[in-house]
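Okay, structure first, notes after.
Each reported figure results from applying straightforward, stated rules to the coordinates on display, with no laboratory input. As the structure is a prediction and not an experimental result, all values here were calculated from the model. Here Cβ is always computed from backbone atoms with ideal geometry, including for glycine, and neighbour counts include all displayed protein chains.
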Amino acid sequence: MTVKLNRTSRGARAGVVVGALALTLAACGSDNAVTPAADGGSESAAAEGTSELAGELVGAGASSQESAMEAWRAGFQGANPDVSVSYDPAGSGAGRTQFLEGGTDFAGSDAALDEEELATAEERCFGAGVTELPLYISPIAVIYNLPEVTEQLKMSPATIAGIFSGAITSWNDPAIAAENEGVTLPDLAITPVNRSDESGTTENFTEYLAAAAPEVWTEEPSGDWPFTGTQSAQGTSGVVQTVEGAEGTIGYADASRAGSLGTVAVKVGEEYVPFSPEAAAAVVDASPVAEGRAEHDLALELQRDTTEAGAYPIVLVSYTLACLAYEEQEQVDLVKGWLTYLASAEGQEAAAGAAGNAPISETLREQVTAAIDAITLAS
């Protein structure tokens, strides 16, 4: 079966496929794993290759989803051996651009589409519009490199904002010391590290700073870092590697990539909350769908300034973007099958095992399923 491309030149799509090759190869060792089929079929059916789905799906976007995407690809392709899925973790901004230009079938984005992008998506998706599905939920960790500090550091929103805005420049600053009694802090310069590329992780992080510490962080939330002349790095892996490479650095990254670096416990109300999938999920479940979105658009209005006990408000909700209409029925079937697997309990557990993210709740899964069911053939 050949799936026609949705307003996409073969050259543009080929470029995306080449960019996704590294991820495709990285996961190929587990591509034959037997997991539940996307339509809820049995493991034996998947093993016997009875899936009727066949063809190619191309995606690109958020690097935060890279580990989860490898697990999703392996599970879905194991259940549907005649389907090939590629994903280029080029970053949220690049992924949205490629999707809106018709270069991919789906995209991963750590930020919801803005009004201009929604208008473009309406045209790209044959007038049916786009669905934004919050299928990857993960805390954003504030990571730091202080080998001699063995205790987990505690910080209020104002302290974090002060560090990343440049107002707090030393690790033994009184503001940090006051929140970490008994901890010996080094007399060492702080080197904040931010993303150099347009990033949904940056947008989520600056949304938190603007909402939780507005007196200190006076910049508007943005996917682009608001200051120039800072230490910066490309992608999630670049930020992590830069922080790992020099003592005194501090950055922000999807928590699944924190590794052995120190991570901050964030002040929420009167307590300090370490990141965890459960703490991140608590914020998401308490957050409504953003006002003014279409029926099947599940972009969320996250409660960044929550004081709810046990909630971790620096959370990244990474969306899977897909059209609500495609040009060919085969493409409709492929996209619906893929998204159904991602949203399923099996798919969410596979991602959580690989990336440490929080599986979506049953309530959210019901909303996602309704949106997937609405995807249809373009008229």
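For the reader, a short list of remarks on this structure follows.
- For the chain, with +1 on Lys and Arg beta carbons and -1 on Asp and Glu, the positive-most of Leu57, Val273, Val283 along the dipole: Leu57
- Angstrom value of the Kirkwood radius, inverse mean 1/r, which spans all Cα pairs in the stretch 64-205: 18.5 Å
- Label-point separation in nm, Ala177 to Asp285, each point 7 Å along Cα→Cβ: 4.2 nm
- Of the GluC sites (Glu not before Pro) found in the stretch 298-379, those that fall in a DSSP loop while having at most 15 other beta-carbon atoms within 10 Å are Glu301, Glu308.
- Efficiency of FRET from Cβ geometry, Ala246 and Ala374, R₀ 51 Å, rounded to 0.05: 0.55
- Close amide H partners of Val273, meaning residues 5 or more places away or on another chain with modelled amide H under 5 Å apart, are Val266, Lys267, Val268.
- Total charge dipole magnitude, the stretch 140-278, about the Cα centre, Cβ charges on Lys, Arg, Asp, Glu only, Debye to nearest 20: 200 debye
- Counting only DSSP beta bridges whose two residues both lie in the stretch 140-278, roughly 60 percent are antiparallel.
- Using the Cβ-Cβ distance between Ala54 and Ala294 with R0 set to 25 Å, the FRET efficiency works out to roughly 0.20.
- Charge dipole (debye, nearest 20) of the stretch 207-272; +1 at Cβ of Lys and Arg, -1 at Cβ of Asp and Glu: 220 debye
- Cβ-based exposure ranking for Leu342, Leu364, Leu302, in which fewest neighbours within 10 Å come first: Leu364, Leu302, Leu342
- Protection proxy ranking, peptides 276-285, 116-125, 313-322, average beta carbon neighbours within 10 Å, highest first: 313-322, 276-285, 116-125
- Using just its DSSP H runs of length 4 or more, each adding -39500 (n - 2.57), the chain gives a mean residue ellipticity at 222 nm of -11000 deg cm²/dmol after division by all residues.
- Potential extension, Arg365-Thr218 segment - 0.36 nm per residue separation minus Cα distance: 49.3 nm
- Cα gyration tensor shape of the stretch 119-161, rounded if a/c is under 1.5, else prolate or oblate by comparing a/b with b/c: prolate
- HN-Hα J in Hz across the stretch 323-334 - Karplus 6.51, -1.76, 1.60, θ = phi - 60°, x for Gly and Pro: 6, 8, 8, 10, 6, 10, 4, 4, 5, 4, 5, 5
- Rounded, prolate or oblate (a/c below 1.5 giving rounded, otherwise prolate when a/b exceeds b/c) for the stretch 271-365 by Cα gyration tensor: oblate
- Between the residues Ser196, Gly166, Ala177, the greatest Cα displacement towards the positive end of the dipole of the stretch 140-278, with unit charges on the Cβ of Lys, Arg, Asp and Glu, is found for Ser196.
- Ranked Trp171, Trp338, criterion: other C-beta atoms within 10 Å, fewest first: Trp171, Trp338
- Under the shape rule built on the C-alpha gyration tensor, where the axes satisfy a ≥ b ≥ c, the stretch 140-278 is rounded, since a/c falls short of 1.5.
- Long-range amide H partners of Val85 with built H, under 5 Å: Leu57
- For the chain, the relative contact order comes to 23 percent (Cα pairs under 8 Å, sequence separation of at least 6).
- Along the stretch 367-375 the Karplus relation, 6.51 cos²θ - 1.76 cosθ + 1.60 evaluated at θ = phi - 60°, assigns HN-Hα couplings of 5, 5, 4, 4, 5, 5, 4, 7, 5 Hz to successive residues, with x for each Gly and Pro.
- DSSP beta bridges confined to the chain are antiparallel in about 60 percent of cases.
- Leu153 long-range amide H proximity, modeled H, under 5 Å: Thr263, Ala265
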